[in-house]
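Working notes, structure below.
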Amino acid sequence: PDPDPDPDPAGVCPEGLEPAAFTDRADIPATHRDNVDCAADLAIVQGFADGSYGPTLQVRRDQMASFIARGLDAVGVDLPPPADQRFSDVVAGSAHDTNIHRLAAAGIVQGGAGGLPATSYGPGQLVRRDQMASFLLRAAAFATDQELASQTAAFPDVGPSNSHFANVNGASETGLAQGFADGTYRPADGVRRDQMGSFIIRLLTHIDDANTG
């Protein structure tokens, strides 16, 4: 079962939203389809050269940075210019270079993923669900000036030894991420592109509610 059902995206998505033109839109589960449509309309997500979206493909860390940066741009959050200190494994001028380093300057992304040194970002690594919680929570905290991390354990399979522990708990408490029906979070699982549409719209909805409520 999918742990991240479609939220009500009305706050950030335009009324009368047109279906995205992806050739495989019908393959996007109904729980995520409206959010992918909205994210496409806001120019947050893009398809591939063949016109497809690839809903079941896993999201990489470089792609994740661009999804979040474009999302923050879409709701008027001002990110700082790219950090002066570059990650050694992000090629200058590559597709996600600027967005990775904009988020680094804002403290939303960090190096050291998967055992890499802190000076490396790991752009080609697949995003894990615990990492995703940290991306989302740091972005929400930056955009709303809120302290959202929590030391109250939300899931039995995410303990204090996990470096993302407080962010997973905070993401659960704020509704940015959810667990599975059996109560677990499955922190090492990957994140699909269809799920990413809902994660991003959920993030933007939280920011919109916090800043306009």
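The values are calculated or read from the model by the stated rules, or taken from the named source; none is laboratory data. All figures in this text were calculated on a predicted structure; none of them were measured in a lab. In this analysis, Cβ positions are derived from the backbone assuming ideal geometry, glycine residues included, and neighbour counts consider all displayed protein chains. Side chains are part of the model used for accessible areas, which takes the heavy atoms of the whole protein and leaves out ligands, DNA and RNA. Shrake-Rupley method; radii C 1.70, N 1.55, O 1.52, S 1.80 Å.
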Any chance residue 191 is crowded, with 20+ Cβ neighbours inside 10 Å, in contact with a strand residue (DSSP E or B) (Cβ under 9 Å, 6 or more places away or on another chain) and either hydrophobic (A, V, I, L, M, F, W, C) or at pLDDT below 95 (or both): yes
First in segment 51-68 and closer than 15 Å to residue 36 by Cβ, second anywhere and open to solvent by 20 Å² or more (accessible area, probe 1.4 Å) and among the aromatic types (Phe, Trp, Tyr), Cβ under 8 Å, 6 or more apart: 51/22; 52/22; 53/22; 54/48
Subset of segment 25-83 (residues that are of a type in the set (A, V, I, L, M) and at positive phi): 43
Out of 154, 210, 105, sole residue that is in contact (Cβ under 8 Å) with a residue 60 or more places away in the chain and open to solvent by less than 60 Å² (accessible area, probe 1.4 Å): 210
Residue match in segment 134-149 (condition: outside any helix (DSSP H, G or I) and of a type in the set (A, V, I, L, M)): yes
Filter result for the condition that a residue is surrounded by fewer than 16 Cβ atoms within 10 Å (Cβ to Cβ) and within 19 Å of the chain's Cα centre (by Cα), over 97, 145, 130: 145
